[in-house]
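The values are calculated or read from the model by the stated rules, or taken from the named source; none is laboratory data. Fair warning: this is a prediction, and the values are worked out from it, not measured in the lab. Accessible surface is based on the protein model in full, side chains and every heavy atom, while ligands, DNA and RNA are left aside. Shrake-Rupley method; radii C 1.70, N 1.55, O 1.52, S 1.80 Å.
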Amino acid sequence: MPLALSKSQFKPHALDYFRRVEQNGDEIIITDHGRPVLKVVPYVADPEEPFRGLRNTVLRYEEPLEPVGAAEWEALN
C-alpha cells in the first residue's frame, strides 16, 4: 500500500521522499485536505516492459465476461 502524506508533511522532506521512491520503488500519495491529489512513482522507461513476458501466453479464453475462478468459488461453499 502506498504511503499517504499531506502536502504539508511532504514539502519539508521532499528530497528524502524522492530518494525513497528512487531507491526502494515505493509509491507516495500526496493529499490535500485528506483528498488524494498526486502520486509519486518511480520512472519506468518502457511501461509495457513488465507485460512483454506475458504476450501470447493466453492460448484460449472461452468466456471472457465470466468471473475467473467461479467454479472454484462454488466448490468452497
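Find, to one decimal place in angstroms, the Kirkwood hydrodynamic radius of the chain, where the mean of 1/r is taken over every pair of different Cα atoms and then inverted.
On the way: mean 1/r = 0.0613 Å⁻¹.
Every distinct Cα pair counted, the radius reaches 16.3 Å.
For the stretch 8-77, the per residue solvent-accessible surface stands at 93 Å², with DNA, RNA and ligands left out and a 1.4 Å probe. Using Cα atoms only, what is the angle between the long axis of helix 14-24 and the major principal axis of the chain, expressed in degrees (0 to 90) to the nearest 10? The helix 14-24 is inclined about 30 degrees to the chain.
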